[in-house]
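Scroll down for the structure; my scribbles are underneath it.
Any read-out appearing in this document is the output of simple, stated calculations on the displayed coordinates, not a laboratory observation. The model shown is predicted, which means the values in this text are computed figures rather than measured ones. Every residue, glycine among them, receives a Cβ derived from its backbone with ideal geometry; neighbour counts consider all protein chains shown.
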Amino acid sequence: MINSFFKRLYSNTIATQPGKSYPLGATTYKNGVNFCLYSKHATSVELLLFESKNHIKPKYVIVLDPEENHTSFYWHVFVPDVGHGQVYGYRIKGPFDPRGGLRFDGAKTLLDPYARAVIMDRYDRSLAAMPGDNCASAMRGVVIDTQIYDWEGDLPLNITLNKSVIYELHVGGFTKNPNSGVPEHLRGTYLGLIEKIPYLKELGITAVELLPIYQFDPFDLPDASLTNYWGYSPIAYFAPHHAYGTTDDPLKTLDEFRDMVKALHQAGIEVILDVVFNHTAEGNHSGPTLSMKGIENKVYYILEEDQRYYKNFSGTGNTLKANHSVVRRMIIDCLRYWVTEMHVDGFRFDLASVLSRDEQGHPIKDSPILWEIESDPILSHSKIIAEAWDLGQYQLGSFIGDRWAEWNGKFRDDIRHFVKGDENMMRVMVQRLTGSPDLFRNLTRDPSRSINFITCHDGFTMNDLVSYNQKHNFANGENNRDGHNDNHSWNHGVEGFTDDPKIEALRLKQIKNLFTLLFFAQGTPMMSMGDEVRRTQLGNNNAYCQDNEISWFDWSLVEKHQDLYQFVKQLIRFHLGTEFFQEKCFWNLPDELKTTFELHGVKLGQISWEKNTHAFAFTVYNPDYGKALHVMINAYWEPLTFEIPELTTEKWRLLINTANSSPDDFYSIKKDPIVKENTYKVADRSVVVLFVYLGV
């Protein structure tokens, strides 16, 4: 037996103690650090301690005793007199038996799956994909003492979904553009985002949904000349991404992330993280060995019957075995960490349907990990939002649980179809504008569980949706084969940029139509970064690898499209200030609430469901609120005259007319013009909203 108190190192020795089998990861104590790792089939584990992040060779190599430092399947050691900032990694020996699902390589330096911070300075993905020692170019973990940071009393905000407007953004791309006005050393960082909080506050959103900010592999993509910009390539779920820090010091990066969260909370804005528990950056059988693959491959990944290969329900090479007990524990531990130690307010789960697969990859009705997330008391106030599909499952409206909200992809598609004038869309449009009860009514959820969106990071921007018929992804290096082919878009006569004033006016009107329908529907609205000022990606609908002006927020557009910005800002304020959009029952299910919902065609109470119909109206009123709305929607290519409900004492006032130029497209409450007639002529391809205070 190796004496665990004195272990032979390269040229040094260090005193250690057996340590504990919990918690997993590197845990700081007053007198040292406990390191713990799960590996069932390892035959030998070495803990590597580096003198600093700049050293490429470990100062100490601690060989864990298979008896004293090994409990069940957990390898552990306590190292006195080390602590916050200690750089570390592992080497793990075991069988290299791909047919048996095991891929140990004792020469590889591996990253702790529980690492709270990561060193990436010399990382080389290609060397990690080849056999042999890669210590000099490997990712390494950093020990973190989370109690050092002063949160100054900060707590998550707990804004309910029915009072939320979500703004999806990319931390880097939000401020990287030189015209952002952000100091150069802060561009593309957590601190750079803080500089733009006044913009977000003025816009009126209540939450930012951040594209992946945990440590991902920026080199995980087919073309080595490009960068994995979006970040859907996770490698360390507990660690903030190093490139969004202002320095290469991982401890400072950690603090800067927390500074950002604290500043957003002070502005009344929640932080939702986009998390990717469906795959990792280690890819398929030819991918690199970075962490889990070399620690316990068959536990962390769903394998084919021929266990040399990986099942791929994510479309990215591998699939995390989310319902294995060890992986479930890691996911729950990770979510708890971001809530308790990093103060985030919620999570959007990328390809969440992967989490409803068993250890062989088969769909299961009652997924343990999904129920654990829903019922966990520490996560009880956190928003949990599912992208309810994967490669093989589309679970929108059938996702399990009572708390889960869902990205409503049908809302996106149906609104796009209708606004561009597609036929046979009337019935589904009524469903989408009333919280999608056809999808969600049988679940124990209110309408706010439908996360309504028209654009997101994946696909066309709002501007490009009305400017391009086809995707233009040649810059991605895949000969335009990548990205969705069916975008339900329309260029209105010219592909891409045009200086034709008629086409530009129509495009702007269509964008206002889309935004109006988004914010006048039941459900929780989500918008994508820059859509409020017509950000363009030049027709690229899959800009995952474009860390450049194609993806970055162009801040010159704020002034150029100030009219649209003001329109969207007023939509957000009206939405958040109007009780109709905060109700917890569906409008068109009258037995459930006092609000009255009436559906009309161009004539009151008469709606045609024929497939060539492109126009309808609805009225929503509630005497308890003292308010009523009448919304007239004309997706037809000619003007239509709508009948208006008659009021006994008050008169309808014009609130919105998307056919009007700014500022007459959105009138201020009580300054809006009175509608004197009992009909209203709605211009072609436009939306008109009337409003009244009842009894005023």
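Counting pairwise Cα distances across the chain, what percent come out greater than 50 angstrom? If you can, show how the numbers build up before the last one.
Values: 43048 of 241860 pairs.
Beyond 50 Å sits 18 percent of the P(r) for the chain.
To check you understand DSSP bridge types, tell me what percent of the beta bridges within the chain (both residues inside) are antiparallel, rounded to 5.
Details: 75 of 103 bridges.
Close to 75 percent.
Can you sort C456, C334 so the residue with the fewest Cβ neighbours within 10 Å comes first? List each step's numbers first, then the result.
Values: C456 23, C334 19.
By the 10 Å Cβ count, ascending: C334, C456.
Using every Cα-Cα pair within the range 44-87, state what percent have a distance larger than 12 Å. Walk me through the intermediate numbers first.
Working: 599 of 946 pairs.
In whole percent, the share of Cα-Cα pairs in the range 44-87 beyond 12 Å is 63.
Got a sec to turn the phi values of the range 75-80 into Karplus ³J(HN,Hα) couplings, 6.51 cos²θ - 1.76 cosθ + 1.60 with θ = phi - 60°, whole Hz, x for Gly and Pro?
9, 8, 7, 9, 10, x
In angstroms, what radius of gyration and Dmax does the range 540-632 have, counting Cα atoms only?
Final numbers for Rg and Dmax: 19.6, 52 Å.
Put a dot 7 Å past each Cα toward the Cβ at S44 and D150; how far apart are the dots in nm?
Result for the modelled spin labels: 4.8 nm.
Could you list M527, M429 so that the one with the fewest beta carbons within 10 Å of its beta carbon is first and the one with the most is last?
Working: M527 27, M429 21.
Ranking M527, M429 by Cβ neighbours within 10 Å, fewest first, gives M429, M527.
What is the Cα coordinate range of the range 7-142 on the first, second and third principal axes, sorted by size from largest, in whole angstrom?
42, 35, 29
What FRET efficiency comes out for the pair Q470/L391, r = Cβ-Cβ distance, R0 = 22 Å, nearest 0.05? Don't skip to the answer; put the middle values down first.
Numbers: r = 24 Å, r/R0 = 1.08.
The value I calculate is 0.40.
Show the residues, 5+ positions off or on another chain, whose built amide H is closer than 5 Å to the amide H of C456.
none
For the range 301-310, just list the computed ³J(HN,Hα) in residue order, Karplus coefficients 6.51, -1.76 and 1.60, θ = phi - 60°, integers in Hz, with x standing in for Gly and Pro.
10, 7, 10, 5, 4, 7, 6, 5, 10, 10
Can you compute the modelled spin-label distance between E202 and E374, with each label point 7 Å from Cα toward Cβ, in nm?
Output for this residue pair reads 4.3 nm.
How do H324, H630 line up, fewest other C-beta atoms within 10 Å first?
Working: H324 20, H630 24.
Result, fewest neighbours first: H324, H630.
Skipping prolines and chain starts, which residues have an amide H placed within reach, meaning under 5 Å, of the one on A236, given they are 5 or more residues away or on another chain?
Long-range HN contacts for A236: Q215.
Would you mind checking which residues have amide H under 5 Å from E270's amide H? H placed 1.01 Å from N; only 5 or more apart, or other chain.
Those qualifying (amide H under 5 Å, at least 5 residues apart or on another chain) are A207, V208.
Based on the Cα coordinates of the range 304-385, what is the per residue volume of their convex hull in Å³?
Details: hull volume 8.1 nm³, N = 82.
So the per-residue Cα hull volume is 99 Å³.
Note down the Stokes-Einstein diffusion coefficient of the range 112-255 in µm²/s, whole number, using a Kirkwood radius over alpha carbon pairs, 4 °C, and 1.567 mPa s.
Details: Rh = 17.1 Å.
After rounding, the answer is 76 µm²/s.
Please list, by residue number, everything in the range 408-424 whose backbone N is under 19 Å from a paramagnetic label point 7 Å out along Cα→Cβ of E610.
What the label zone holds, given the 19 Å backbone N cut-off, is 421-424.
With label points built 7 Å along Cα→Cβ from the Cα atoms of R481 and I674, find their separation and express it in nm.
Once both label points are built, they end up 6.6 nm from each other.
Have a look at T189, L264, Q360 and report the one farthest towards the positive end of the charge dipole of the chain, computed about the Cα centre with Cβ charges (Lys/Arg +1, Asp/Glu -1).
Value: Q360.
Output the relative contact order of the chain, whole-number percent, from Cα pairs under 8 angstrom with separation of 6+ residues. List each step's numbers first, then the result.
Details: 1610 pairs, mean separation 69.8, N = 696.
Rounded, it is 10 percent for the chain.
Taking the Kirkwood radius as the inverse of the mean 1/r across Cα pairs, report the Rg/Rh of the range 590-693.
Working: Rg = 13.7 Å, Rh = 14.2 Å.
Radius of gyration relative to Kirkwood radius: 0.97.
Counting only Cα atoms, I'd like the Rg/Rh figure for the range 434-543, Kirkwood definition for Rh.
Over the Cα atoms of the range 434-543, Rg/Rh equals 1.04.
I need the calculated FRET efficiency for the pair Q566 and K594, taking r as the beta carbon distance and R₀ as 35 Å, to the nearest 0.05. Kindly include the intermediate steps, with their values, before the conclusion.
Working: r = 33 Å, r/R0 = 0.96.
Computed FRET efficiency for Q566 and K594: 0.55.
For the range 222-303, divide the Cα radius of gyration by the Kirkwood radius and give the resulting Rg/Rh value with two decimals. Display every interim value, and only then the final one.
Values: Rg = 15.8 Å, Rh = 15.2 Å.
Ratio of gyration radius to Kirkwood radius for the range 222-303: 1.04.
With only alpha-carbon pairs counted, each pair once and no self-pairs, how large is the Kirkwood hydrodynamic radius of the range 415-460 in angstroms? Don't skip to the end; give the middle numbers.
Details: mean 1/r = 0.0838 Å⁻¹.
In the range 415-460 this quantity evaluates to 11.9 Å.
Taking K293 as the anchor, which lysines have their alpha carbon closer than 27 Å to its alpha carbon, excluding any fewer than eight residues away along the same chain?
K20, K40, K53, K57, K59, K93, K108, K311, K321
Hey, what number do you get for the chain at 222 nm if only DSSP H runs of n ≥ 4 count, each worth -39500 (n - 2.57), divided across all residues, to the nearest 500?
Details: 15 runs with 138 residues, N = 696.
Mean residue ellipticity at 222 nm (helix-derived): -5500 deg cm²/dmol.
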